[in-house]
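Just so it is clear, none of the values below were taken in a lab; they were calculated from the coordinates. These numbers were taken from a predicted model, which means no experiment stands behind them. Glycine gets a Cβ as well: all are built from the backbone with ideal geometry, and neighbour counts include every protein chain shown.
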Amino acid sequence: MKVTYDIKTDTVNVIFRDNVSVAESDEGKPGVIIDYDAEGNLVSLEILDASKRITDANKIEFQATD
């Protein structure tokens, strides 16, 4: 998984699957774009106007649990 924040465009991108073609995009909620592959699997998530939607877009925490 790869997470990036672009300060210029104020967008957060979460890429779940690299090197997979996006077959369909859906704006489930305004400002949140979800991308799917041809089989309907989640590929990535884009959050527009991230600084307005996320507490601290510059800070990313990751935790894996058993």
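Listed values, structure above:
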read-out: Summed residue charge, Cβ within 12 Å of Asn19's Cβ, Lys/Arg positive, Asp/Glu negative; value: 0
read-out: Computed [θ] at 222 nm, helices only, for the chain once each DSSP H run of length n ≥ 4 contributes -39500 (n - 2.57); value: -1000 deg cm²/dmol
read-out: Environment charge of Arg53, counting only residues whose C-beta is closer than 13 Å and scoring Lys/Arg +1, Asp/Glu -1; value: -2
read-out: At most 16 other Cβ within 10 Å, DSSP loop - trypsin sites (Lys or Arg not before Pro), region 19-65; value: Lys59
read-out: DSSP-loop GluC sites (Glu not before Pro) across region 18-66, with at most 14 other Cβ within 10 angstrom; value: Glu39, Glu61
read-out: The chain, relative contact order [Cα under 8 Å, separation at least 6], %; value: 29 percent
